[in-house]
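Following: one structure in structure tokens, then a few remarks.
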Amino acid sequence: MGRSVWKEACAMLQNILSAAEPVLPDNKALRNKCIVPMSDIEMIHPIIVGVYTDFFCSVRDGRNCGFIFCRLQTPVNPNW
């Protein structure tokens, strides 16, 4: 979908949830459908991390850590 769709969706949600927009305050059925009480929510983790986590998931991450820890001119090997 891309960034433009994401930005449009965020703007629409912000507008609907703003105090100036009467959509939710004036429509109890819609409000009950859209807003879930915190007491009904169960927070879960999408994954369980074991004893190992790879923090170098991209060249950019590896390059940043190389600069931070080693101060090398070439922080990541060319064959990375």
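The values are calculated or read from the model by the stated rules, or taken from the named source; none is laboratory data. For clarity, every value in this text was computed on a predicted model and none was experimentally measured. Ideal geometry is used to build each Cβ from the backbone, glycine not excepted, and the neighbour counts take in all protein chains shown.
Yes/no per residue for (1) modelled with pLDDT of 85 or more; (2) touching a Gly at 6+ places or on another chain (Cβ under 9 Å); (3) part of a helix (DSSP H, G or I):
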{"site": "Ala11", "(1), (2), (3)": "yes, no, yes"}
{"site": "Val36", "(1), (2), (3)": "yes, no, no"}
{"site": "Tyr52", "(1), (2), (3)": "no, no, no"}
{"site": "Asp61", "(1), (2), (3)": "no, no, yes"}
{"site": "Thr74", "(1), (2), (3)": "no, yes, no"}
{"site": "Pro78", "(1), (2), (3)": "no, no, no"}
Candidates Val59, Val5, Val23, Val76 - the one that is surrounded by fewer than 10 Cβ atoms within 10 Å (Cβ to Cβ) and aliphatic (A, V, I, L, M):
Val5
